Amino acid sequence: MIVGIDIGGTFTDLVSCEDGKLTSVKVPSTPHDFSEGFSAALSAVDPDGSGVAQIVHATTVATNALIQRKGARVGLITTEGFRDVLSLRRRDRRRAYGQETAFAPLISRALRREVRERSAPDKTLVTIDVAEIEVAATALWSSGAEAILIAFIHSVTCPDNELQALEVLNRRWPDKPVFVSHQVTDVREEFARFSTAAASAYVAPLVRHYFCGLRKRLPERDQLSVVTSDGGLANPESATGNPVRTALSGPAAGVRGAQYVGAAAGFDAFVACDMGGTSFDACL
């Protein structure tokens, strides 16, 4: 039996296929622990847990956390002089193209710390000071940070300082979630990399808690594949290691399905719509 499960903010939907027979199940989602709704849907088609060969899973846990601003408190350790990259963004005018919208970075300014370090695109110019990194992290944990992001300039092509800072924090706080920007995305431009890595750290505790619950409920862990934001598949470990990859997981799966149906019907252009209890997504 092959099973597809999509968790939304309101309902958890399942479709199973066995010997050409399709079965669908809809149960309420369980926001206090989304794995409960997942398990309830799965039990409806496979009560004893022995008949499932593969589970393809789409989830809005990360998406809804971002939309509703219900993620973790994240601290940032960054290069001296680059504390405000997340606020400055790409815009050099307040009303670019006549648009003006409210905006608040996922990491507040109060939870951003600068340290003395510097890299050129091809070499390290100033190495990190271990004591300074530890002081910055201690201040962030004490201020209520639940995860820390290390984001230095030029770390995509010269990652040594980020990696050394990561080693310092992992050694001192082995049970705390710490991310480095170049491992989340290999985009060189600072705002794109910093903001994407901030989003990954922001949803990390929720996603980790969710997949931990799933692992306890699934008899065979290698059954599960998670839909990523580009419509591909990842194992739970990979999805947990870089959780922003699961943002828009559900809509991406829907687009892949719509693409298949459109091709079968002879259409190479279409609009796919996905309406849930939290958001409405459309793809052209």
- Message: Here's a check for you: in the range 146-170, which residue that is open to solvent by 10 Å² or more (accessible area, probe 1.4 Å) and touching a residue at least 40 places away in the same chain (Cβ under 8 Å) is nearest to L111 (Cα to Cα)?
- Response: E146
- Task: Pull up the range 95-128, narrow it to residues that are open to solvent by 70 Å² or more (accessible area, probe 1.4 Å), among the acidic types (D, E) and under 18 Å from E190 (Cα atoms), then point me to the one that is modelled with the lowest pLDDT.
- Result: D122
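Yes/no per residue for (1) within 22 Å of I67 (Cα to Cα); (2) out of contact with any helix residue (DSSP H, G or I) (no Cβ under 8 Å at 6 or more places or on another chain); (3) not hydroxyl-bearing (S, T, Y):
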{"residue": "V168", "(1), (2), (3)": "no, no, yes"}
{"residue": "R171", "(1), (2), (3)": "no, yes, yes"}
{"residue": "V178", "(1), (2), (3)": "no, no, yes"}
{"residue": "S181", "(1), (2), (3)": "yes, no, no"}
{"residue": "V184", "(1), (2), (3)": "yes, no, yes"}
{"residue": "R193", "(1), (2), (3)": "yes, no, yes"}
{"residue": "A204", "(1), (2), (3)": "yes, no, yes"}
{"residue": "H209", "(1), (2), (3)": "yes, yes, yes"}
{"residue": "R215", "(1), (2), (3)": "no, no, yes"}
- Message: Need a quick list: strands (runs of 3 or more DSSP E) entirely within the range 1-100 having at least 1 residues that are free of Cβ contacts under 8 Å to residues at least 60 places away in the same chain.
- Response: 2-7, 11-18, 21-28
- Can you work out which of the residues in the range 245-264 that are open to solvent by 30 Å² or more (accessible area, probe 1.4 Å) and β-branched (V, I, T) is modelled with the lowest pLDDT? V255
- Considering F179, F267, F191, which residue is surrounded by fewer than 19 Cβ atoms within 10 Å (Cβ to Cβ) and not in a helix (DSSP H, G or I)? F267
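The values are calculated or read from the model by the stated rules, or taken from the named source; none is laboratory data. Predicted, not measured: the structure shown is a model, and the values here were computed from it. Cβ: placed from backbone, ideal geometry, glycine included. Neighbour counts: every protein chain shown. Calculation scope for accessible area: heavy atoms of the full protein, side chains included, ligands and nucleic acids excluded. Shrake-Rupley method; radii C 1.70, N 1.55, O 1.52, S 1.80 Å.
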